[in-house]
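One structure below.
None of the figures in this text is laboratory data; all of them are computed from the coordinates on show. From a predicted model like this one, the values you see are computed outputs, not experimental measurements. Counting neighbours? That spans all protein chains shown, and the Cβs are built from the backbone with ideal geometry, glycine included.
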């Protein structure tokens, strides 16, 4: 029911898993703490419970569908919600439901905000038009300098409408001081990490462009060189990529790396995982819009070896908090791993401290929340 407090309606396909979904909940939390009303419309999913736990309300709509009927039906349903709840701002976070949200905002006079979350390929005719809905907000939030430049080049969004708000790491969770040794040791035991071995860790969706195969090929080169070989952990859910997982396992066996590389599956405790690791890896072969695991690792004092493209160019201070390497080049990644292993423990610790300081200065959830609320206040006057 409508009341005097401002209401913000965020719109996305579903609440299953991922950075967009997590960011939606983080902004909903900030809206509630500001004394406003937070609504999120989606097709639902397991993260609805997390959303409701921060005091927001979920509106179930079939926003995951991509038919013409869903487009117009959802526009009508969203307009009804906007009117009934007195919604002042509609914040769209994904392309197809954003078209419905745009129509609903225009019908009702609500302000329309978008967050441009990805690089969004333009591989076939009409794709740029389809993507352009994410550049049609009264305010367009870009999650990195890389994305801001892309939006300006593709859609000619003027600086007056663009707002750069980087993704943030939750400093309440990603803090070495709050992670117990027992949590770290539980992962060490579960993943059978050998005593005395340095650990490198690649966290993220197990899919080809995230570079897990690049890591396997780099590890083969490190082993062939005859020097120290780290224990490599590939952390991420493989349920949706069984064929690629099998391909990775064959490559690991063929390279004689069965005792050196482990696919762990999903991990619920990334803070402990990054404390377990000596170095975190980011091996993506395509540009990341931001790359949240990079700042999560650095927040835990874990130096990062990252692909030199996209968002990590902004979040990794090359040579100070980690290293940037050419993407998709196993030889370059192998050299970087060998160089990292050669660092003294003091040099590694200093690099980790510099990375944590950088994240706390520039890339926190709190900063992201405050900057987003500032956008809302700007529109509401």
Long-range Cα-Cα pairs in the range 151-273 (distance over 26 Å), rounded percent | 37
So, with points 7 Å from each Cα along the Cβ direction, the residue 331-residue 249 label distance in nm works out to 3.2
Per-residue ellipticity at 222 nm attributable to helices in the chain (runs of n ≥ 4 DSSP H, -39500 (n - 2.57) apiece, nearest 500 deg cm²/dmol) works out to -13500 deg cm²/dmol
Based on alpha-carbon positions alone, could you give the equivalent ellipsoid semi-axes of the chain from the gyration tensor, as √(5λ), descending, whole Å?
-> 39, 21, 19
How many angstrom lie between the C-alpha centres of the range 319-381 and the range 77-154?
-> 28
Cα-based Kirkwood hydrodynamic radius, the range 30-97, one decimal, Å | 12.9
Per residue, what volume in Å³ does the convex hull of the Cα atoms of the range 63-209 enclose?
-> 201
Calculate how steeply helix 145-155 sits against the longest principal axis of the alpha-carbon atoms of the chain, using the helix alpha-carbon long axis, and give the answer as 0 to 90 degrees to the nearest 10.
-> 50
Would you mind calculating the gained length between residue 106 and residue 269 on full extension (0.36 nm times residue separation, minus the Cα-Cα distance), in nm to one decimal?
-> 54.5 nm
Estimated inter-spin distance, residue 195 and residue 170, nm [label 7 Å along Cα→Cβ] | 3.5
For the chain, what is the relative contact order in percent, using Cα pairs closer than 8 Å and at least 6 residues apart in sequence?
-> 14
Percent relative contact order of the range 86-230, based on C-alpha pairs within less than 8 angstrom and at least six residues apart?
-> 15
Suppose R0 equals 51 Å; then what is the FRET efficiency for residue 347 and residue 76 from their Cβ-Cβ distance, rounded to the nearest 0.05?
-> 0.25
For the range 176-362 the translational diffusion coefficient, Stokes-Einstein from a Kirkwood Rh over Cα pairs at 4 °C and viscosity 1.567 mPa s, in µm²/s, is roughly 80
Cα axis of helix 95-108 to longest principal axis of the chain: angle in degrees, 0 to 90, nearest 10?
-> 20
For the range 2-70, alpha-carbon Rg and Dmax in angstrom = 12.0, 37
